[in-house]
Amino acid sequence: MLPERQPPTAKRLTQTVWEHSLLTDFDIGLFLSGKHFRLYEKMGAHLCELDKIKGTYFAVWAPNAQEVTVIGNFNNWSRHTHYLNKRRDASGIWEGFIPNVGKGEVYKYYIKGFDGSDIEKGDPYALRWEHPPQKASIVWDTAYRWKDKAWLSKRPKLNALNQPISVYEVHLGSWQRDPANPERVLSYGEIAKTLVPYLLEMGFTHVELMPIMEYPYYPSWGYQITGYFAASSRHGHPQDLMYLIEELHKNNIAVILDWVPSHFPGDANGLFYFDGTHLFEHADMRKGFHPDWKSYIFNYDRNEVRSFLISNALFWIDQFHADGLRVDAVASMLYFDFSRTPEEAGTNEFGGSENLGAITFLKDLNEAIYGNYNGVQTIAEESSTFDGVTRPVYAGGLGFGMKWMMGWMNDTLKYFKNDPINRKATHHQLTFSITYAFTENFMLPFSHDEVVHGKSSMIYKMPGDEWQKFANLRTLYAYMFTHPGTKLLFMGNEFAQTTEWNFTQSLNWDLLQYPPHAGMQQLVKALNNLYRKEPALYHYNFSYEGFDWINADDADHSVYSYVRRSNKAKDTLLVLINVTPVFRTDYRVGAPGKGKWKEIFNTDSMEFFGSGKLNEEAVSAENIEWDGQQQSILINVPPLGVAIFKKA
């Protein structure tokens, strides 16, 4: 919202810049204390009217600059025309109103740096940037007439932690491309026409968009951001992204955005060395430079930086109606010695490796999000053993809603890469995850990171001939969907893309003409529908009440059996997994109850390109004690397959 009108006659700082401010003393106090979480309403470029003259108000934080001017098309990029005024307080903010500068004008800030350097920077709060490789900011707004009120009203229920959460991770530039011109990425609107019906058909509850904030270097996949408040112009205007999100919401699909508060590139137009000093990043490069990514780490000890980042998080929820944020590289934020030797790493004030400023930031972030929005979730991509990532802040945790279960992902893929003949020796590699499955609210991810950089596609991680590869992958996915925790699959995994992900081209959709790939796609669709239909698979997503082993120790047969439960006994499911190609006939397994048990799902169905080894008739539990249960049933367990039973 714009503030009330200023006094009738605004003081003119120069012929072309008028004194004006959207920032109150209260705003400045919050900003300097690290508690201003709506800076996007005040900082950056804002269209407004002053003394009946339309123009744009500019505000930028550059406390160590000697001077700041606005340069752009409207002044022939002159550094000596539109000088901003430095506020007479401790904020370090430069501001001013420029008449007759309207929506669509291209601009940058010229900054005379602390060290006398000449710097041209994009606006950290710009709502739109030029299409790369051009790197200037554009005066814009976030006006949009939203039509997703119905979704927002039911979001607190549908996006709750005791609901099915099955996430489809998407890179918008390579999910599909223009068939007539494969070099052209699709617009947000074009993507909406195909992505929304596909997600509905496949049964995913959520879509996660890899970073859609503006970034200059395409091979970074969006993880090296310069325009934190701007939707990437590669796919259209900000309002075009709003349309895509709205269409997803109209179809009850929640939207998670990848968000990167961990690091930023040393791009000349971005945040690095912004005013001739290390402003956004640590000056100590043991804390401020990431050696793996050759990027710069935010200085979370600085209150103004925390205000910037938390304002950015709330911006995407507030202005773009995002339903969740997946926070990238949290482990790298928490520890100064992440991916460093002790000699290369900084320490905190107590000599430890924890980044105390980052810990404070993450707690403030989650309190701000959960305190201001109903039904929104935050998800940590976090690989360390840091305690309490998903514990509430008031209980001493970081306050995230969920955390990626990286240990489960690594152990599971390592296990499935083994030839089945060797799995007997590593049987408990697959059971280990349950020992810690309920210590955090875990999401099980098979993400983009697992199908790039020589790691191979999911299907070629699997051993055996073609049939066995597909059977193994079907088994892996069914194990994932019946394991406690929410789910995430990267695009292409659902139909067994044969090549590693290539961000420069479309997925290989033509593979669906082949039965094994079509069968895999049908399997994932069926798993999503089963997951959404059966409360036992999601009601206790993160709690021990929802899981019990029947037999975790049958290494001789490489068979696992376990129970999934909801808060209602009638929902109980019995799951059996056979990770060898041997068809197990007349296999006795303990039954968690009397009566008849009927197979409701089998990965070996011919519909999925399986061999059709099913249990077509319901079986009655016998009063034969087995696996610690008073009753048991005699069934067939499919080769390299998963069978799921429910009370008939």
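Nothing in this text is a laboratory measurement; each read-out follows from the coordinates by a stated rule. Keep in mind it's a predicted model, so treat the numbers as computed, not measured. Note: ideal-geometry Cβ built from the backbone for every residue, glycine included; neighbour counts use all protein chains shown.
Can you give the FRET efficiency to the nearest 0.05 for residue 499 and residue 251, using r as the Cβ-Cβ distance and R₀ = 30 Å? Could you put the intermediate results ahead of the total?
Working: r = 30 Å, r/R0 = 1.00.
Taking R0 as 30 Å, the efficiency between residue 499 and residue 251 is 0.50.
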Estimate the FRET efficiency between residue 413 and residue 387 by the formula 1/(1 + (r/R0)^6), using the beta-carbon distance for r and 25 Å for R0, to the nearest 0.05. 0.50
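For residue 220 and residue 194 in one chain, what is 0.36 nm times their gap in residues minus the Cα-Cα distance, to one decimal in nm?
Values: separation 26, 0.36 × 26 = 9.36 nm, distance 2.50 nm.
Answer, rounded to one decimal: 6.9 nm.
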Taking each pair of different alpha-carbon atoms in region 544-647 once, compute 1/r for the pair, average those values, and report the inverse of that mean as the Kirkwood hydrodynamic radius in Å to one decimal. 13.7 Å
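Is any helix in the chain, taking whole DSSP H runs, at least 15 angstrom long along its axis by alpha carbon and on average at least -0.5 on the Kyte-Doolittle scale, and which ones? Before the final figure, lay out each step's value.
Numbers: long enough: 188-202 (20 Å, 0.51); 238-250 (18 Å, -0.48); 303-318 (22 Å, 0.45); 356-372 (24 Å, 0.36); 406-417 (17 Å, -0.64); 466-482 (24 Å, -0.30); 515-533 (26 Å, -0.70).
Going by DSSP H runs, the hits are 188-202, 238-250, 303-318, 356-372, 466-482.
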The answer for residue 169, listing residues at least 5 apart or on another chain whose modeled amide H is closer than 5 Å to its amide H, is 208, 489, 490, 491
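Rounded to two decimals, what is the ratio between the C-alpha radius of gyration of region 249-348 and 2.2 N^0.38 Å? Working shown, then result.
On the way: Rg = 15.4 Å, N = 100, 2.2 N^0.38 = 12.7 Å.
Compactness ratio reported: 1.21.
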Quick one: if the Förster radius is 45 Å, what FRET efficiency do residue 510 and residue 286 give, using the C-beta to C-beta distance and rounding to 0.05? 0.35
Alpha carbons only, please: Rg and Dmax for region 88-152, in angstrom. 16.3, 54
Residue 614 label point, 7 Å along Cα→Cβ, cut-off 16 Å on backbone N: hits in region 567-603? 598-603
Taking +1 at the Cβ of each Lys and Arg and -1 at the Cβ of each Asp and Glu, which of 39, 58, 104 sits farthest along the dipole of region 25-121 towards its positive end, judged by Cα position relative to the Cα centre? 104
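Roughly how big is region 99-175's charge dipole about its Cα centre, with Cβ charges of +1 (Lys, Arg) and -1 (Asp, Glu), in debye to the nearest 20? Please list the in-between numbers first.
On the way: 12 positive and 9 negative charges, 127 e Å.
Around 620 debye, computed over region 99-175.
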How would you rank 35-42, 213-220, highest first, on the average number of other Cβ atoms within 10 Å across their residues? 35-42, 213-220
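Take every DSSP beta bridge with both residues inside the chain and express the antiparallel ones as a percent of the total, to the nearest 5.
Working: 73 of 101 bridges.
Antiparallel: roughly 70 percent of the beta bridges in the chain.
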So, relative contact order of region 537-648 in percent, Cα under 8 Å, 6 or more apart, is 30 percent
Quick query: amide H of residue 647 versus all other amide H atoms, modeled in the peptide plane; which residues come in under 5 Å with a sequence gap of 5 or more or a different chain? 598
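Pairs of alpha-carbon atoms within less than 8 angstrom and 6+ residues apart define the contacts here; what relative contact order does the chain have, in percent?
Numbers: 1459 pairs, mean separation 65.6, N = 648.
Across the chain, relative contact order equals 10 percent.
Can you give the Rg to Rh ratio of region 216-272, both from alpha-carbon atoms, with Rh computed by the Kirkwood formula?
Numbers: Rg = 13.3 Å, Rh = 12.9 Å.
Result: Rg/Rh = 1.03.
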Per residue, the convex hull enclosing the Cα atoms of region 25-121 spans a volume in Å³ of 109 Å³
Net dipole in debye of the chain [+1 Lys, Arg Cβ; -1 Asp, Glu Cβ; about Cα centre; nearest 20]: 1340 debye
Only counting other Cβ atoms within 10 Å, I'd like 228, 514, 544, 223 sorted with the fewest neighbours first. 544, 514, 223, 228
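Students often get this wrong, so check it: of 35/154; 250/533; 417/533; 596/646, which have C-alpha atoms separated by over 19 Å? Spell out each step's value before the answer.
Working: 35/154 29 Å; 250/533 21 Å; 417/533 31 Å; 596/646 8 Å.
Over 19 Å apart, Cα to Cα: 35/154; 250/533; 417/533.
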Show me the GluC sites (Glu not before Pro) within region 319-372 that DSSP assigns to loop and that have at most 12 other Cβ atoms within 10 Å of their Cβ. 343, 349
Taking only DSSP H segments of four or more residues, each worth -39500 (n - 2.57), what value at 222 nm results for the chain once the sum is divided by all its residues, to the nearest 500 deg cm²/dmol? -6500 deg cm²/dmol
Projected onto the charge dipole of region 507-611 (unit charges on the beta-carbon of Lys, Arg, Asp and Glu, signs +1, +1, -1, -1), the Cα from 573, 521, 587 with the largest positive-side position is that of 573
Along the Cα→Cβ direction, 7 angstrom out, place labels at residue 356 and residue 557. What is the inter-label distance in nm? 5.7 nm
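May I ask you to order 237-246, 113-122 by the average number of other C-beta atoms within 10 Å around their residues, highest value first? Please report the intermediate quantities before stating the final value.
Working: 237-246: 21.9, 113-122: 16.4.
The peptides rank, most packed first, as 237-246, 113-122.
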How large, in Å, is the chain by the Kirkwood hydrodynamic radius built from its alpha-carbon pairs? 26.6 Å
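Looking at region 580-640, which chymotrypsin sites (Phe, Trp or Tyr not before Pro) are in a loop (DSSP not H, G, I, E or B) and have at most 16 other Cβ atoms within 10 Å?
Working: sites: 583, 587, 597, 601, 608, 609, 626; in loops: 583, 609.
Here the sparse-neighbourhood loop sites are 583.
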Based solely on C-alpha atoms, express the radius of gyration and the Dmax of region 208-305 in angstrom. 15.4, 48
